[in-house]
Amino acid sequence: MLRVIVNGAYGRMGCEVMKAVWNSGDMELVGAVDSAGTGTDIGTLIGVAHTGIILENNLEEMLRRLRPDVAVDFTTPHVVYQNCITCIKCGVRPVVGTTGMSSGQIQEVINLSQELGVGGLIAPNFAIGALLMIKFATEAARHMPNVEIIELHHDQKIDAPSGTAIKTAEAICEQRGDFQQGLATQFENITGARGGKFNGGIRIHSVRLPGLVAHQEVIFGGLGQTLTIKHDSINRESFMPGVLLGIRKAMHLERVVYGLDKLLFD
Ligand SMILES: NC(=O)c1ccc[n+]([C@@H]2O[C@H](COP(=O)([O-])OP(=O)(O)OC[C@H]3O[C@@H](n4cnc5c(N)ncnc54)[C@H](O)[C@@H]3O)[C@@H](O)[C@H]2O)c1
């Protein structure tokens, strides 16, 4: 059994991860950390009777005491970098879904993990369907280079566009090289009507509404035809197969890897 703790356990994703680990069959949930909800039996968060696993608020102390194999992190952007460093220094593999680390911070985490020989994963998107969407969109761009992206998320998301939309646009640009799309000059009657302008004239449109979770359409246009590649995360369960896969794969890594796609497709 893989011994797992969850950091950010009182949050929306943390609770979902605890449920997934609890029901996995090959993992044991041994601890839960959050700055909120200290003292709560996690049974009340995952819908089972008394578990005896009590929410605590000191990550490092828990890592040293319980010596888990993996620490899953779904906390917040301002603490995730330090959490990764703490885990690696304690010899515990971080599996991180929290977004917001800078590329410099990610590189520092990878460097430290390599130096200390501790595996792990930082994955900005754990939905396997979303990773396939990016892969298929990249392939489509070889043949249909004119493309726009519409990403749609719940109205509590503060950043736009989504990291997944940016990653999709980057992958398409890499595939189609110097290609430039769209008119050289155009004007908007309402500012922003044509969306955010990415490299090569790719436009990214961000929709924010209650009722949505995380969705994206990549629309390709060619002569007399369009192709739409669409992915929907209908609920937070959509991320769980990727999280469990990441935990299992992290056990065989000797450094932190950035992107679940690296473990799925490479
Ligand atoms: N990688 C993915 O596939 C994926 C999917 C969904 C969300 N996310 C990201 O996961 C993160 C969490 O999302 P969420 O919707 O669960 O947020 P949330 O606000 O519901 O949960 C975050 C939790 O972290 C806790 N927290 C804050 N500071 C802490 C600290 N110092 N130590 C311990 N716990 C602390 C909060 O109390 C809260 O319970 C966000 O960064 C979000 O963008 C990633």
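Just so it is clear, none of the values below were taken in a lab; they were calculated from the coordinates. This one's a predicted model, so the numbers in the text were calculated from it and none came from an experiment. When we count neighbours, we look across all protein chains shown, and the Cβ atoms used for this are built from the backbone with ideal geometry, even at glycine.
If you run the Gaussian network model on the chain, springs between alpha carbon atoms under 10 Å, then out of 168, 98, 228 the most flexible one is 228. Taking every DSSP beta bridge that has both ends in the range 128-234, the antiparallel portion is near 75%. What is the sum of charges around residue 261, taking Lys and Arg as +1, Asp and Glu as -1, for the other residues whose C-beta is under 10 Å from the C-beta of residue 261? Charge balance near residue 261 sits at +2. For the chain, the dipole from Cβ point charges (+1 on Lys and Arg, -1 on Asp and Glu) about the Cα centre works out to 180 debye, to the nearest 20.
In this rough spin-label picture, where each label sits 7 Å from Cα along the Cβ direction, the residue 142-residue 186 distance is 2.8 nm.
The magnitude of the dipole of the range 19-152, with charges of +1 and -1 set on the Cβ of Lys/Arg and Asp/Glu and taken from the Cα centre, is near 180 debye. If you plug the beta carbon distance of residue 178 and residue 54 into 1/(1 + (r/R0)^6) with R0 = 51 Å, you get a FRET efficiency near 0.35. Extension gain for the segment residue 199 to residue 265, taken as residue separation times 0.36 nm less the Cα-Cα distance, is 21.2 nm to one decimal. Placing R0 at 41 angstrom, the Cβ-Cβ distance between residue 223 and residue 28 gives a FRET efficiency of 0.15 after rounding to 0.05. Applying D = kT/(6 pi eta Rh) to the chain, where Rh is the Kirkwood radius over alpha-carbon pairs, T corresponds to 20 °C and eta to 1.002 mPa s, the Stokes-Einstein value obtained is 109 µm²/s.
From zero up to wherever the largest Cα-Cα distance of the range 28-147 sits, split into 5 Å bins and tell me the percent of pairs in each. Histogram of Cα-Cα distances, whole percents per bin: 2, 10, 17, 18, 16, 13, 10, 6, 4, 3, 1, 0. Bridge orientation summary for the chain: considering DSSP beta bridges with both residues in this region, about 45 percent are antiparallel. In a solvent-free Debye calculation with one equal scatterer on each Cα, what is log10 I(q)/I(0) for the range 128-234 at q = 0.13, 0.14, 0.19, 0.20 Å⁻¹, listed in the order of the q values? Here the Debye-derived log intensity ratios amount to -0.46, -0.54, -0.97, -1.06.
In this label model, residue 108 and residue 64 are separated by 2.2 nm, measuring between points 7 Å along each Cα→Cβ vector. Considering only 127, 29, 116, and ranking their Cα positions along the charge dipole of the chain that arises from unit charges at the beta-carbon of Lys, Arg, Asp and Glu, the one farthest toward the positive end is 127. Peptide packing: for 181-187, 204-210, 140-146, 82-88, the average count of neighbouring Cβ atoms within 10 Å per residue gives the ranking 82-88, 140-146, 204-210, 181-187, highest mean first.
At full extension, residue 89 and residue 252 could sit 56.9 nm farther apart than now, given 0.36 nm per residue minus the alpha carbon distance.
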